[in-house]
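Visitor: Structure provided below as structure tokens; questions to follow.
The values are calculated or read from the model by the stated rules, or taken from the named source; none is laboratory data. Please read all numbers here as calculations on a predicted model, not as lab measurements. Surface areas here come from the heavy atoms of the whole protein model, side chains and all, with no ligands, DNA or RNA. Shrake-Rupley method; radii C 1.70, N 1.55, O 1.52, S 1.80 Å.
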Amino acid sequence: ALDLESTLGRPLTAAELAQADVWIGYTYRLIAAKFRGIDALDQDLTSFVVTEAVALRLRNPDGASQVDVTVDDARVSRRYPTSGGGITILPEWWDLLTPASEASGAAFTIVPG
């Protein structure tokens with residue numbers, strides 16, 4: 001099971017839980033599409049990647065690249081490195097999921113004889 005609340009360090013609202021359920025499905029479908037299924041993938045790593053990708057979206061659900069909050073004389077600004085508002089699976093997370101047979105990127109292997 002995914003532990004989004006521990007990953008985020010806070011409880012999720014009912015609306016966030018509903019969003020997370022949808023985004024979890026999206027994330028599994030993205031992974032399955034890339035690897036033509038997920039059965040051959042390490043399930044613990046797959047759960048990790050799904051948790052991190054959904055937590056990333058929960059932190060910035062609308063894809064804002066910068067958020068400014070001003071109260072009286074104080075101002076807080078938060079800049080996000082990427083935006084888009086969709087599920088993002090970072091390259092290093094894709095690398096974790098890539099089976100060893102695909103990771104080398106080689107079309108063939110030469111073995112000295």
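Visitor: With θ set to phi - 60°, apply the Karplus curve 6.51 cos²θ - 1.76 cosθ + 1.60 along the range 33-45 and write out the HN-Hα couplings as whole Hz, x wherever there is a Gly or Pro.
Guide: 5, 5, 9, 6, x, 10, 4, 7, 7, 5, 5, 5, 5
Visitor: Would you work out if the range 9-61 is rounded, prolate or oblate? Take a ≥ b ≥ c from the square roots of the eigenvalues of the alpha-carbon gyration tensor; rounded if a/c is under 1.5, else prolate when a/b is larger than b/c, oblate otherwise.
Guide: Details: a/c = 2.63, a/b = 2.00, b/c = 1.32.
Because a/c hits 1.5 or more and a/b exceeds b/c, the range 9-61 counts as prolate.
Visitor: Now, a different point. Just subtract the alpha-carbon distance of residue 45 and residue 13 from 0.36 nm times their residue separation and send over the number in nm, one decimal. Each step should come with its number before you reach the end.
Guide: Numbers: separation 32, 0.36 × 32 = 11.52 nm, distance 2.61 nm.
Stretched out fully, the residue 45 to residue 13 stretch lengthens by 8.9 nm.
Visitor: Sticking with this one: Ordering 41, 90, 30 by how much accessible area each has at a 1.4 Å probe, largest first, what is the list?
Guide: On the way: 41 15, 90 50, 30 75 Å².
The ordering from most to least exposed comes out as 30, 90, 41.
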